[in-house]
Structure formats: C-alpha cells, structure tokens
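J.: Mind having a look at this structure? Questions to follow.
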Amino acid sequence: MYRYDEFDEAFVRDRVAQFRTQVARRLDGSLTDDEFKPLRLKNGVYLQLHAYMLRIAIPYGVLSSRQLRQLALIGERYDRGYGHFTTRQNLQFNWPKLRDIPEILDLLADVGMHAIQTSGNCIRNVTADQFAGVAADEIEDPRPVAELIRQWSSLHPEFDYLPRKFKIAVNGAPQDRAVIAAHDIGLQIVRNGQGEVGYKIMVGGGLGRTPMIGKVVRAFLPKADLLAYLEAILRVYNLEGRRDNKYKARVKILVHELGEDEFRRRVEAEFASLDGPSVNADPEEVARIAAYFAPPVYESLPADSRAFAAARSANPAFADWADANLFPHRQPGYAAVTVSLKSIGAAPGDATCAQMRAVADLADRYSFGEARVTHAQNLVLPHVKKDDLFALWRALGAAGLAEANVGLITDIIACPGLDYCALATARSIPIAQALARLFADQRLQREIGPLNVKISGCINACGHHHVGHIGILGLEKRGAESYQITLGGDASENAAIGEIIGPGIGANQVPAAIERLVAVYLARRLKGETFIEAVRRLGLAPFKAAFATEAGDVAA
C-alpha cells in the first residue's frame, strides 16, 4: 500500500497547522460561522444536527492495521467509542468537539491520514474496488491510478472551487464493484483490440434529486493520457457548469443539458488543445507509485485447503459464513474476507473502537497488516490463507463481527439519516434495523439469495437508494416521515436507476411492504434466478400489485 514520503508528510502537516489557526479564530470569534464554513468543509468538518462531524479520507478504501488502531484511539479519546464507515470508503466521527479537531488531524497525520477534500466543491476521495489487487477477474489493479488521481487532485489550484462536489471512482475488473456509473467520472480499466490496457471513461453519473447513469465519453483512452483527459473534463465542467443553482450544478446536469455528443465534442476539443506532456504524469512517477502496490510475499499453497474443507463439513455456521463472506483470490490457497458491519439490529457501517482494534489485530495475524473499506459499508481482510479461515471466523465471532450476510437482504446500506444529519428529512437507521430483524433468520436470507437493500434519509441519496434492488427513500410529508419504495435499481456493470412503485408509506409499514415484495419474488422466480433478474423478467406490475395493499392502508 502507498506510504507517505517527506512531501506528503509536509503537505498534510502544513494543512493541519493552517486549520488549527482557523479553528482558533472561529473559537475566539474572529471568524463568523459563515466565514468559517468553507474552510472547515475543505478539511472534512461538517456541522450536523447535534454536533460537528469529521469525515476522514480513506483513499480507495485501503487501511493499514496501524491506521485502524489510530482511528480506534481517536474514537475513544475524542468521540463516543465508535466510527461510521461510509459509501465513499471514508470514516466519520459524529461527536468530536471543534476545539479537538486539530489534535485529531495531528493524530491522523502521524499515520499518513487526513481529512482534506472530504467535503466542499472539489474533487473528493477517490474510490475503487475493495478487492483491488487480489481479484481473480481483474484486468489491472486500480489502486495505483487512484493514488495518482489523489495526488493530482489534492488542492489542485484550478479545481479547488468547482460548481459542485466532484466524485471519481476506478474499477479494474469487468464486474463493476465500485459503482462507477453513479459517479461524476467513472474509470473502467479495459483492454482494446490490440491487448493494450487503457480506460473507458464515463461522465455524468450521480444520484441525489436527479439520478443519472454516467455516459461513455471515451471507449478507450491510453493510460499515459489520463491526467490530461481528466483535466479536459474538469475544465469544461468548471467553465460551463452552473453556479446559480446548486441543485443543477453537478456535471450530470451539464452533460444532460448539452447532450452527450456535444459534451464529448467539447471535452475532446479541450483535450486536443492541452499540452499533454506538461499535464500527464511522468512515467517514472507512475512506476514509483505502482511499486508501492506490489503484492505481499504469499506462501506457495495448493488451491484447495483440507483444513478449510474439514471445518466447513463439521460446522454449518462456518460454512454459511464462508459461502456469504468469502471472495475468490488470485493467489492459490488464499481468500479475501468481507467482515460484515451489519450485525442484526446494529446501525449499518458502525464499528466500535474495540472492533476496529480487533480487525487491526486480525489483519496483522492473517492479512499482512492490511484491511479495506467497501462502498457497501463493510470491511475486508484481503489476503487470508484458506487454512486460517476457521480461526479467523472464530475470532471475528468473539468481536461480534461474524455475521454471514454479505450481499444478502440484511447487508443493508444506510446513511445516518435524521438521527445525525442536518440535511435529512427522515430516519434511515431504525428502518434498516427493523428490516434486519424481520429477515434475521439465516435460512431465510440464504433462501432469498443476493438482494441489495439501500436506504437514504433524504433526496441527496447518500444511501444509494436509487441503485438498490430495493431502494427506500425517507421524506418529510405533512410533518411526518414518509418512505418511498423503488425497485429494479442496480449498482453493478448493469447499472440502472430504480423505479418508484407506489405512494409513500409510514415507517411502521416499511417492513411489511418489503416482505410482500420479497414474497412475490419467492413465489414467481425461476430456478437459480436472483431477485434483480426476476424483477427484470417479470416487470414491476406484480410487485406493484403486492405493494398496493400496503399503500392502500396508508390512503385509508
């Protein structure tokens, strides 16, 4: 994994020192709240409903065990003993005091971390496939290019005050595990007809009040031209993007209003006018960055593990966990392990400081000291020997982290909602908890199979509800919480926006409504057919009919 050098260290320390003076000026009244707001946002500090919130960058989701322990220390010393992992592969602390945040940033800098550009109208934390570098289906590891983009975009003088926030994701395998189509820019690593590796570039994806799937502006871009092409896109957006209306300021609106072809023409014209060699990364620098992502020194092992097979046969609970939480590794004898942060009744994405330390210890013991954060708000231990999986599972169980539900109906994505967020109009966490309890039975979850439920507490869609197989959007309606259900969304390489299936319903009616939708699927699916496949085959009509009973109860 990437390690900060002297330049990175000085860069982050200077930023902390600068923000320390800004916090002091806010506390003594020299800065008004309005003056302080853009300064704190550029350092990841939000003002939520009850307290400040600090959002910490975890570039492309990669964490060392040392960094994870430092996050645990910060959570115990300056927060309430837990942190919240987000769909941007970041970590949020929800209760820090403003006066303590410079100290927190110094502690982060001690382990090569920061909160720079985790908010504000700038290029945000670059995200990637959580299985980068280990996935057997990968064309190329996306982490080096994600790190290159991080370095290029950090405090970029031309793009520091964009019309709106800007998000980039990189995926290195044919299967999209980074939701690239829902980003302002999505980069898909591909091979052309000559076998050369480059990028398919999508622009204009995004969720929120106007959900859109990104459009392909370049089917193949040579690797060497990446930064110049990104600069061309950002320049067109910076010049043409709207600044008079924040709801129409995202690049997706510009792509829509200009049209895909005209937007592409303007980007290509800007790209042609740039002095590519002065913008693109030096090949030696690219090689230097890539060298940090060399694979660890694996043992030479057989592909199959007798110890793993024996444990599976002897312990059905372990077998269930292995079926749900393991991902194929490119190295024989190893597996990538997803650690679910979705135990039944818990807030999705939350981890206690004790759990963070437990994962850090297990990363040291079993995974070369490395962990990952997923966009689905879970953690990953990417390099575990199959021989060690049973011992790892038992240790995770002792830490309350052995839920066998990855990709299943209780592996729910949810934003913090009205329990924390000043923008939220309804609660998300209690809905997620109620659904998890309803479908808690492991046999039922396995019977249902892969099903992504995603919940947002407002139209900003931080819970990605638009691309959930089942999406739930909480809104305020006549002083009460009302929940809108969408169906058919997809966050994969078959990206799609879900469709609303009926009027809003009350919070207490959501679990029964989702139960009805699942019942339609179980009754009408074909052999081997997943929920999303059944929705595509059947259409929405049978699901709408089942939902109408619940909606009718509301109307009555």
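The values are calculated or read from the model by the stated rules, or taken from the named source; none is laboratory data. The shown structure was predicted, so the numbers you read here are calculated from the model rather than taken from an experiment. Reconstructed Cβ throughout: ideal geometry from the backbone, glycine too, with neighbour counts over all protein chains shown. Ligands, DNA and RNA are excluded from the accessible area calculation, which covers all protein heavy atoms including side chains. Shrake-Rupley method; radii C 1.70, N 1.55, O 1.52, S 1.80 Å.
J.: Starting from residues that are surrounded by 21 or more Cβ atoms within 10 Å (Cβ to Cβ) and farther than 30 Å from ALA519 by Cα, keep the ones in region 394-420 and report whichever is modelled with the highest pLDDT.
T.: LEU396
J.: Would region 471-479 turn up any residue that is surrounded by fewer than 16 Cβ atoms within 10 Å (Cβ to Cβ) and among the β-branched types (Val, Ile, Thr)?
T.: no
J.: OK, next. Consider GLY198 against the criteria (1) surrounded by 20 or more Cβ atoms within 10 Å (Cβ to Cβ); (2) farther than 25 Å from CYS415 by Cα; (3) in contact (Cβ under 8 Å) with a residue 60 or more places away in the chain: it satisfies all of them except one. Which criterion is unmet?
T.: Every condition holds for GLY198 apart from (3).
J.: Another one. Kindly provide the set of residues from region 41-57 that are closer than 16 Å to LYS97 by Cβ, among the hydrophobic types (A, V, I, L, M, F, W, C) and open to solvent by 10 Å² or more (accessible area, probe 1.4 Å), ordered by number.
T.: Hits for region 41-57 are LEU47, LEU49, ALA51.
J.: Would you call ALA72 open to solvent by less than 10 Å² (accessible area, probe 1.4 Å), of a type outside the set (D, E, K, R) and under 30 Å from ASP28 (Cβ atoms)? Spell out how you get there, then give the answer.
T.: Numbers: open to solvent by less than 10 Å² (accessible area, probe 1.4 Å): yes; of a type outside the set (D, E, K, R): yes; under 30 Å from ASP28 (Cβ atoms): no.
So ALA72 does not fit the description; no.
J.: Tell me which of these ILE233 doesn't satisfy, since it passes every other one: (1) open to solvent by 40 Å² or more (accessible area, probe 1.4 Å); (2) of a type outside the set (Lys, Arg); (3) under 30 Å from GLY463 (Cβ atoms).
T.: Unmet condition: (1).
J.: Specify which of the listed residues (LYS454, LYS386) is among the basic types (Lys, Arg), open to solvent by less than 20 Å² (accessible area, probe 1.4 Å) and touching a helix residue (DSSP H, G or I) at 6+ places or on another chain (Cβ under 8 Å).
T.: Details: LYS386 fails: open to solvent by less than 20 Å² (accessible area, probe 1.4 Å).
Going through LYS454, LYS386 in turn, just one is among the basic types (Lys, Arg), open to solvent by less than 20 Å² (accessible area, probe 1.4 Å) and touching a helix residue (DSSP H, G or I) at 6+ places or on another chain (Cβ under 8 Å): LYS454.
Conditions tested, residue by residue: (1) of a type in the set (A, V, I, L, M); (2) in a loop (DSSP other than H, G, I, E, B).
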position	(1), (2)
PHE7	no, no
ARG13	no, no
VAL16	yes, no
PHE36	no, no
ASN43	no, yes
TYR46	no, no
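J.: So, one more: Hey, any hits in region 79-90 for a residue that's hydrophobic (A, V, I, L, M, F, W, C), buried (at least 22 other Cβ atoms within 10 Å of the Cβ) and in contact with a Phe, Trp or Tyr (Cβ under 7 Å, 6 or more places away or on another chain)? Even if it seems obvious, please write down each step before you answer.
T.: To start, the set of residues in region 79-90 that are hydrophobic (A, V, I, L, M, F, W, C) comprises 85.
Checking which are buried (at least 22 other Cβ atoms within 10 Å of the Cβ) leaves us with 85.
Still in the running and in contact with a Phe, Trp or Tyr (Cβ under 7 Å, 6 or more places away or on another chain): none.
Among the residues of region 79-90, not one is hydrophobic (A, V, I, L, M, F, W, C), buried (at least 22 other Cβ atoms within 10 Å of the Cβ) and in contact with a Phe, Trp or Tyr (Cβ under 7 Å, 6 or more places away or on another chain), which makes the answer no.
J.: Check whether at least one residue in region 353-366 is under 23 Å from ILE412 (Cα atoms) and open to solvent by 40 Å² or more (accessible area, probe 1.4 Å), and report yes or no. Don't jump to the end; show me each part of the working.
T.: Keep residues of region 353-366 that are under 23 Å from ILE412 (Cα atoms), which gives 353-356, 358-359.
Remaining after also requiring open to solvent by 40 Å² or more (accessible area, probe 1.4 Å): 354.
Scanning region 353-366, I find at least one residue that is under 23 Å from ILE412 (Cα atoms) and open to solvent by 40 Å² or more (accessible area, probe 1.4 Å), so the answer is yes.
J.: To continue, here is another question. Mind listing just one residue for me: the one in region 20-33 that is crowded, with 17+ Cβ neighbours inside 10 Å and out of contact with any Pro (no Cβ under 6 Å at 6 or more places or on another chain) and, of those, nearest to HIS114 (Cα to Cα)?
T.: Start the filter on region 20-33 by keeping residues that are crowded, with 17+ Cβ neighbours inside 10 Å, which leaves 22-23, 26, 31.
Going one step further and asking which of them are out of contact with any Pro (no Cβ under 6 Å at 6 or more places or on another chain), we end up with 22, 26, 31.
Working: GLN22: 16, ARG26: 21, LEU31: 23 Å.
Across region 20-33, the extreme among qualifying residues is GLN22.
J.: Quick one: what pairs do we get from region 39-59, first residue without any contact (Cβ under 8 Å) to a residue 24 or more places away in the chain, second open to solvent by less than 30 Å² (accessible area, probe 1.4 Å), C-beta under 7 Å, 6+ apart or different chains?
T.: Close Cβ pairs (under 7 Å, with a partner that is open to solvent by less than 30 Å² (accessible area, probe 1.4 Å)) amount to LEU39/GLN22.
J.: In region 316-325, what count of residues is obtained for those that are of a type in the set (A, V, I, L, M) and open to solvent by 40 Å² or more (accessible area, probe 1.4 Å)? Outline the logic, then answer.
T.: Taking region 316-325 and keeping what is of a type in the set (A, V, I, L, M), we get 317, 319, 322, 324.
Restricting the remaining residues to those that are open to solvent by 40 Å² or more (accessible area, probe 1.4 Å) gives 317.
Qualifying residue count, region 316-325: 1.
J.: State which residue pairs qualify: first residue free of Cβ contacts under 8 Å to residues at least 24 places away in the same chain and inside region 212-233, second residue of a type in the set (Gly, Ala, Ser) and open to solvent by less than 60 Å² (accessible area, probe 1.4 Å) in any location, beta carbons under 8 Å apart, and separation of 6 or more residues or different chains.
T.: Short answer, once both residue conditions are applied: LEU221/GLY198.
J.: Now, a different point. Please enumerate the residues belonging to region 404-419 that are in contact with a His (Cβ under 7 Å, 6 or more places away or on another chain) and either farther than 29 Å from TYR334 by Cβ or free of Cβ contacts under 8 Å to residues at least 60 places away in the same chain (or both). Lay out the reasoning, then the answer.
T.: Of the residues in region 404-419, the ones in contact with a His (Cβ under 7 Å, 6 or more places away or on another chain) are 413, 416.
The one that is in contact with a His (Cβ under 7 Å, 6 or more places away or on another chain) and either farther than 29 Å from TYR334 by Cβ or free of Cβ contacts under 8 Å to residues at least 60 places away in the same chain (or both): PRO416.
J.: Ok, one more. Which residues, counting only those in region 261-300, are more than 29 Å from the chain's Cα centre (by Cα), surrounded by 11 or more Cβ atoms within 10 Å (Cβ to Cβ) and in a helix (DSSP H, G or I)?
T.: Scanning region 261-300 gives GLU262, ARG265, ARG266, GLU268, ALA269, GLU270, PHE271, GLY276.
J.: Further, regarding this structure: Taking region 242-260, which residues are open to solvent by less than 60 Å² (accessible area, probe 1.4 Å) and more than 25 Å from the chain's Cα centre (by Cα)? Please lay out each step first, then the result.
T.: Taking region 242-260 first, the residues open to solvent by less than 60 Å² (accessible area, probe 1.4 Å) are 245, 249-255, 258-259.
Within region 242-260, ASN245, LEU258, GLY259 meet the criteria.
J.: Now, a different point. Name the pairs whose Cβ atoms lie under 7 Å apart, with the first residue in region 491-516 and over 29 Å from LYS215 (Cα atoms) and open to solvent by less than 30 Å² (accessible area, probe 1.4 Å), the second part of a strand (DSSP E or B) and among the charged types (D, E, K, R), and 6 or more positions between them or separate chains?
T.: What qualifies is GLY504/LYS477; ALA507/GLU481.
J.: Let me ask something else. Give the residues of region 434-450 that are part of a loop (DSSP other than H, G, I, E, B) and either touching a strand residue (DSSP E or B) at 6+ places or on another chain (Cβ under 7 Å) or not hydrophobic (A, V, I, L, M, F, W, C) (or both), sorted by residue number.
T.: Within region 434-450, the first condition is being part of a loop (DSSP other than H, G, I, E, B), and the residues that meet it are 439-441, 449-450.
Hits for region 434-450 are ASP441, GLY449, PRO450.
J.: Inside region 68-101, can you point out the residues that are outside any loop (DSSP other than H, G, I, E, B) and not hydrophobic (A, V, I, L, M, F, W, C)?
T.: Taking region 68-101 first, the residues outside any loop (DSSP other than H, G, I, E, B) are 68-78, 82-85, 91-93, 98-101.
Answer for region 68-101, where residues must be outside any loop (DSSP other than H, G, I, E, B) and not hydrophobic (A, V, I, L, M, F, W, C): ARG69, GLN70, GLY75, GLU76, ARG77, TYR78, TYR82, GLY83, HIS84, GLN92, ARG99, ASP100.
Yes or no, residue by residue, for (1) more than 23 Å from the chain's Cα centre (by Cα); (2) closer than 30 Å to LEU473 by Cα:
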position	(1), (2)
ASP364	yes, no
GLY369	no, no
VAL384	no, no
VAL406	no, yes
ALA414	no, yes
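J.: While we're here: Looking at region 139-156, which of its residues are open to solvent by less than 20 Å² (accessible area, probe 1.4 Å) and touching a residue at least 60 places away in the same chain (Cβ under 8 Å)? Explain how you work it out, then say what you get.
T.: Just the residues of region 139-156 that are open to solvent by less than 20 Å² (accessible area, probe 1.4 Å), to begin with: 142-143, 145-147, 149, 153.
Selection gives PRO142, ARG143, VAL145, ALA146, GLU147, ILE149.
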